Amino acid sequence: MSDDSSIQLSRPLNILAVSGSLRKASSNSLLVQAIQHLAPAGVAIEVWDDLDALPHFNPDLDVEDAPRIEAVQSWREKVKSADGVVLCTPEYAAGVPGSFKNALDWLVGSGDLADRPVAAISASPYPTAGEHAHTSLMLTLGMLGARVPEGAQLKIGLINRKISPQGEIIDPELKEALKKVLFVLAESVIGQPV
Ligand SMILES: Cc1cc2nc3c(=O)[nH]c(=O)nc-3n(C[C@H](O)[C@H](O)[C@H](O)COP(=O)(O)O)c2cc1C
(Lines give C-alpha, C1' and ligand atoms only; values in the text may rest on other atoms or scores of the structure.)
Protein backbone atom coordinates (compact mmCIF):
# COMPACT_ATOMS: atom_id res chain seq x y z
CA MET A 1 0.00 0.00 0.00
CA SER A 2 1.24 3.46 -0.82
CA ASP A 3 1.68 5.95 2.01
CA ASP A 4 -0.78 8.63 2.98
CA SER A 5 1.11 11.40 1.22
CA SER A 6 0.71 9.76 -2.20
CA ILE A 7 -3.07 9.94 -2.36
CA GLN A 8 -4.10 12.42 -5.03
CA LEU A 9 -7.68 13.62 -4.91
CA SER A 10 -9.17 15.61 -7.74
CA ARG A 11 -12.13 16.44 -5.47
CA PRO A 12 -13.08 16.00 -1.81
CA LEU A 13 -14.48 12.55 -1.00
CA ASN A 14 -17.62 11.99 1.01
CA ILE A 15 -17.71 8.83 3.12
CA LEU A 16 -20.78 7.67 5.02
CA ALA A 17 -20.12 5.88 8.31
CA VAL A 18 -22.73 3.69 9.99
CA SER A 19 -22.74 1.95 13.36
CA GLY A 20 -24.79 -1.21 13.56
CA SER A 21 -25.61 -0.64 17.22
CA LEU A 22 -28.63 1.11 18.71
CA ARG A 23 -27.08 1.20 22.18
CA LYS A 24 -26.53 4.63 23.68
CA ALA A 25 -23.01 3.88 24.93
CA SER A 26 -22.14 1.75 21.91
CA SER A 27 -18.46 1.17 21.22
CA ASN A 28 -19.26 0.81 17.52
CA SER A 29 -20.98 4.18 17.54
CA LEU A 30 -18.00 5.72 19.36
CA LEU A 31 -15.79 4.21 16.66
CA VAL A 32 -17.67 5.74 13.74
CA GLN A 33 -17.48 9.10 15.49
CA ALA A 34 -13.77 8.71 16.17
CA ILE A 35 -12.82 7.83 12.59
CA GLN A 36 -14.03 11.26 11.48
CA HIS A 37 -10.67 12.51 12.76
CA LEU A 38 -8.59 9.77 11.13
CA ALA A 39 -9.49 10.15 7.47
CA PRO A 40 -6.87 11.20 4.89
CA ALA A 41 -6.83 14.87 3.93
CA GLY A 42 -9.70 15.72 1.62
CA VAL A 43 -11.89 12.86 2.87
CA ALA A 44 -14.93 13.87 4.94
CA ILE A 45 -16.79 11.30 7.02
CA GLU A 46 -20.46 11.80 7.77
CA VAL A 47 -22.09 9.62 10.42
CA TRP A 48 -25.57 8.27 9.69
CA ASP A 49 -27.42 7.34 12.88
CA ASP A 50 -31.06 6.86 11.96
CA LEU A 51 -30.96 3.08 12.09
CA ASP A 52 -33.94 2.84 14.42
CA ALA A 53 -36.08 5.05 12.19
CA LEU A 54 -36.27 2.35 9.52
CA PRO A 55 -39.36 0.12 9.46
CA HIS A 56 -38.95 -3.65 9.29
CA PHE A 57 -38.04 -4.60 5.77
CA ASN A 58 -40.97 -6.02 3.86
CA PRO A 59 -40.84 -6.51 0.09
CA ASP A 60 -44.52 -5.56 -0.09
CA LEU A 61 -43.50 -2.04 0.97
CA ASP A 62 -40.75 -1.91 -1.63
CA VAL A 63 -42.78 -1.77 -4.82
CA GLU A 64 -43.43 1.07 -7.29
CA ASP A 65 -46.92 1.97 -6.10
CA ALA A 66 -46.23 1.59 -2.35
CA PRO A 67 -46.46 4.77 -0.25
CA ARG A 68 -43.14 6.55 0.06
CA ILE A 69 -41.35 5.81 3.33
CA GLU A 70 -39.31 8.87 4.27
CA ALA A 71 -36.79 7.05 6.47
CA VAL A 72 -36.06 4.51 3.75
CA GLN A 73 -35.74 7.17 1.05
CA SER A 74 -33.40 9.16 3.23
CA TRP A 75 -31.21 6.11 4.02
CA ARG A 76 -30.99 5.18 0.36
CA GLU A 77 -30.17 8.75 -0.65
CA LYS A 78 -27.37 8.93 1.92
CA VAL A 79 -25.82 5.72 0.61
CA LYS A 80 -26.32 6.70 -3.02
CA SER A 81 -24.66 10.08 -2.63
CA ALA A 82 -21.66 8.74 -0.70
CA ASP A 83 -18.39 7.97 -2.47
CA GLY A 84 -17.81 5.12 -0.06
CA VAL A 85 -19.26 3.64 3.10
CA VAL A 86 -17.85 2.45 6.43
CA LEU A 87 -19.95 -0.15 8.23
CA CYS A 88 -19.12 -0.94 11.83
CA THR A 89 -20.97 -3.83 13.41
CA PRO A 90 -21.24 -5.35 16.86
CA GLU A 91 -22.01 -9.05 17.29
CA TYR A 92 -25.21 -10.28 18.87
CA ALA A 93 -25.97 -13.98 19.15
CA ALA A 94 -23.15 -14.75 16.74
CA GLY A 95 -24.43 -12.47 14.01
CA VAL A 96 -25.10 -8.94 12.82
CA PRO A 97 -27.77 -7.14 14.92
CA GLY A 98 -31.19 -7.52 13.36
CA SER A 99 -31.72 -3.77 13.06
CA PHE A 100 -28.49 -3.39 11.12
CA LYS A 101 -29.28 -6.30 8.80
CA ASN A 102 -32.67 -4.68 8.33
CA ALA A 103 -31.01 -1.48 7.08
CA LEU A 104 -28.94 -3.50 4.63
CA ASP A 105 -32.02 -5.41 3.46
CA TRP A 106 -33.57 -2.09 2.40
CA LEU A 107 -30.63 -1.64 0.00
CA VAL A 108 -31.19 -4.90 -1.87
CA GLY A 109 -33.98 -3.61 -4.09
CA SER A 110 -32.49 -0.16 -4.60
CA GLY A 111 -29.04 -1.49 -5.47
CA ASP A 112 -27.44 1.50 -3.81
CA LEU A 113 -24.49 -0.47 -2.47
CA ALA A 114 -23.75 -2.22 -5.75
CA ASP A 115 -20.15 -1.64 -6.78
CA ARG A 116 -19.74 0.93 -4.00
CA PRO A 117 -16.50 0.84 -2.02
CA VAL A 118 -17.23 -0.32 1.51
CA ALA A 119 -15.09 -0.82 4.60
CA ALA A 120 -16.33 -3.63 6.87
CA ILE A 121 -15.45 -3.40 10.55
CA SER A 122 -16.58 -5.49 13.50
CA ALA A 123 -15.89 -4.57 17.10
CA SER A 124 -16.54 -6.62 20.20
CA PRO A 125 -15.55 -6.46 23.87
CA TYR A 126 -14.44 -10.09 23.50
CA PRO A 127 -11.15 -11.28 21.95
CA THR A 128 -13.14 -13.00 19.17
CA ALA A 129 -13.58 -9.54 17.60
CA GLY A 130 -17.10 -10.16 16.36
CA GLU A 131 -15.82 -12.58 13.74
CA HIS A 132 -19.21 -14.22 13.16
CA ALA A 133 -20.86 -10.85 12.64
CA HIS A 134 -18.03 -9.90 10.33
CA THR A 135 -18.45 -13.06 8.26
CA SER A 136 -22.18 -12.50 8.12
CA LEU A 137 -21.72 -8.85 7.12
CA MET A 138 -19.35 -9.87 4.33
CA LEU A 139 -21.87 -12.40 3.01
CA THR A 140 -24.57 -9.74 2.93
CA LEU A 141 -22.25 -7.22 1.29
CA GLY A 142 -21.42 -9.86 -1.31
CA MET A 143 -25.11 -10.26 -2.12
CA LEU A 144 -25.47 -6.50 -2.35
CA GLY A 145 -22.58 -6.33 -4.81
CA ALA A 146 -20.55 -3.98 -2.60
CA ARG A 147 -16.84 -3.64 -3.32
CA VAL A 148 -14.89 -4.43 -0.14
CA PRO A 149 -11.13 -4.19 -0.69
CA GLU A 150 -9.19 -6.70 1.39
CA GLY A 151 -7.38 -3.96 3.27
CA ALA A 152 -10.70 -2.37 4.18
CA GLN A 153 -11.73 -5.19 6.49
CA LEU A 154 -11.00 -4.98 10.18
CA LYS A 155 -12.01 -7.11 13.16
CA ILE A 156 -11.46 -5.43 16.52
CA GLY A 157 -11.38 -7.48 19.71
CA LEU A 158 -11.32 -6.12 23.26
CA ILE A 159 -12.74 -2.86 21.99
CA ASN A 160 -13.54 -1.59 25.48
CA ARG A 161 -9.82 -1.42 26.26
CA LYS A 162 -9.03 0.41 23.02
CA ILE A 163 -11.51 3.27 23.01
CA SER A 164 -12.43 5.41 26.00
CA PRO A 165 -16.06 6.02 27.04
CA GLN A 166 -15.54 9.55 25.68
CA GLY A 167 -14.66 8.12 22.27
CA GLU A 168 -10.93 8.60 22.27
CA ILE A 169 -8.99 5.78 20.64
CA ILE A 170 -6.41 4.93 23.26
CA ASP A 171 -4.80 2.03 21.45
CA PRO A 172 -2.18 3.32 18.99
CA GLU A 173 -2.29 0.11 16.92
CA LEU A 174 -6.02 0.42 16.48
CA LYS A 175 -5.64 4.04 15.45
CA GLU A 176 -3.13 3.07 12.77
CA ALA A 177 -5.26 0.15 11.61
CA LEU A 178 -8.28 2.43 11.22
CA LYS A 179 -6.24 5.01 9.32
CA LYS A 180 -5.12 2.26 6.93
CA VAL A 181 -8.67 1.07 6.39
CA LEU A 182 -9.77 4.62 5.56
CA PHE A 183 -6.82 5.10 3.26
CA VAL A 184 -7.53 1.87 1.38
CA LEU A 185 -11.18 2.85 1.11
CA ALA A 186 -10.25 6.26 -0.31
CA GLU A 187 -7.87 4.60 -2.79
CA SER A 188 -10.63 2.26 -3.84
CA VAL A 189 -12.96 5.22 -4.42
CA ILE A 190 -10.51 6.99 -6.69
CA GLY A 191 -9.63 3.75 -8.46
CA GLN A 192 -6.03 3.38 -7.46
CA PRO A 193 -4.64 -0.10 -6.88
CA VAL A 194 -4.81 -1.29 -3.29
C1 LIG B 1 -28.02 -10.54 24.17
C2 LIG B 1 -26.57 -10.30 23.86
C3 LIG B 1 -25.92 -11.16 23.00
C4 LIG B 1 -24.57 -10.94 22.69
N5 LIG B 1 -23.93 -11.81 21.84
C6 LIG B 1 -22.64 -11.59 21.52
C7 LIG B 1 -21.97 -12.46 20.63
O8 LIG B 1 -22.51 -13.41 20.10
N9 LIG B 1 -20.67 -12.17 20.33
C10 LIG B 1 -20.01 -11.10 20.88
O11 LIG B 1 -18.83 -10.87 20.57
N12 LIG B 1 -20.63 -10.26 21.74
C13 LIG B 1 -21.91 -10.49 22.08
N14 LIG B 1 -22.55 -9.65 22.94
C15 LIG B 1 -21.82 -8.53 23.52
C16 LIG B 1 -21.90 -7.31 22.64
O17 LIG B 1 -21.04 -7.50 21.55
C18 LIG B 1 -21.48 -6.09 23.43
O19 LIG B 1 -22.53 -5.74 24.30
C20 LIG B 1 -21.08 -4.93 22.56
O21 LIG B 1 -20.57 -3.91 23.37
C22 LIG B 1 -22.21 -4.43 21.70
O23 LIG B 1 -21.71 -3.50 20.78
P24 LIG B 1 -21.89 -1.94 21.04
O25 LIG B 1 -20.99 -1.58 22.18
O26 LIG B 1 -21.43 -1.30 19.77
O27 LIG B 1 -23.32 -1.67 21.34
C28 LIG B 1 -23.88 -9.85 23.26
C29 LIG B 1 -24.57 -8.97 24.12
C30 LIG B 1 -25.89 -9.20 24.44
C31 LIG B 1 -26.60 -8.24 25.36
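When residues in region 14-69 are screened for being assigned to a strand (DSSP E or B) and either within 16 Å of the ligand (Cβ to nearest atom) or of a type outside the set (A, V, I, L, M, F, W, C) (or both), 7 of them pass. Of all residues in region 99-128, those being surrounded by fewer than 20 Cβ atoms within 10 Å (Cβ to Cβ) and in a loop (DSSP other than H, G, I, E, B) number 7. When the test is whether a residue is among the hydrophobic types (A, V, I, L, M, F, W, C), within 14 Å of the chain's Cα centre (by Cα) and under 22 Å from Arg147 (Cβ atoms), Ile35 passes it.
In this structure, Ala133 does not satisfy being among the small types (Gly, Ala, Ser), within 16 Å of the ligand (Cβ to nearest atom) and either within 24 Å of Ala41 (Cβ to Cβ) or surrounded by fewer than 22 Cβ atoms within 10 Å (Cβ to Cβ) (or both).
One residue is enough: does region 79-98 have a residue meeting the conditions open to solvent by 20 Å² or more (accessible area, probe 1.4 Å), more than 10 Å from the ligand (Cβ to nearest atom), within 24 Å of Gly157 (Cα to Cα) and not in a loop (DSSP other than H, G, I, E, B)? Yes. Ile169 meets each of the listed conditions (1) hydrophobic (A, V, I, L, M, F, W, C); (2) within 15 Å of the chain's Cα centre (by Cα); (3) open to solvent by less than 20 Å² (accessible area, probe 1.4 Å) apart from (2). Under the condition of being open to solvent by 60 Å² or more (accessible area, probe 1.4 Å), in contact with a strand residue (DSSP E or B) (Cβ under 8 Å, 6 or more places away or on another chain) and among the hydrophobic types (A, V, I, L, M, F, W, C), the residues counted in region 54-78 number 0.
For first residues located in region 8-36 and within 18 Å of Ala53 (Cβ to Cβ) and at pLDDT 95 or above, partners that are open to solvent by 10 Å² or more (accessible area, probe 1.4 Å) and away from the ligand (no atom under 12 Å from the Cβ) and lie 6+ apart or on another chain with Cβ distances below 6 Å form the pairs Leu16/Glu46; Leu16/Trp48; Leu16/Lys78; Ala17/Ile45; Ala17/Val47; Val18/Trp48; Leu22/Asp52; Val32/Val47.
Scanning region 166-194 for residues that are part of a loop (DSSP other than H, G, I, E, B) and under 17 Å from His37 (Cβ atoms) returns Gln166, Gly167, Glu168, Ile170, Asp171. If you go through region 43-52 and keep only what is surrounded by 14 or more Cβ atoms within 10 Å (Cβ to Cβ) and touching a residue at least 40 places away in the same chain (Cβ under 8 Å), you end up with Val43, Ile45, Leu51. Looking at the structure I just gave you, is Pro90 of a type outside the set (A, V, I, L, M, F, W, C) and in contact (Cβ under 8 Å) with a residue 40 or more places away in the chain? Here the answer is yes, as Pro90 does meet what is asked.
The values are calculated or read from the model by the stated rules, or taken from the named source; none is laboratory data. Computed from a predicted structure; not experimentally measured. Positions of Cβ are generated from backbone atoms using ideal geometry, with glycine treated the same way; all protein chains shown enter the neighbour counts. Surface accessibility is based on the protein's heavy atoms, side chains included, excluding ligands, DNA and RNA. Shrake-Rupley method; radii C 1.70, N 1.55, O 1.52, S 1.80 Å.
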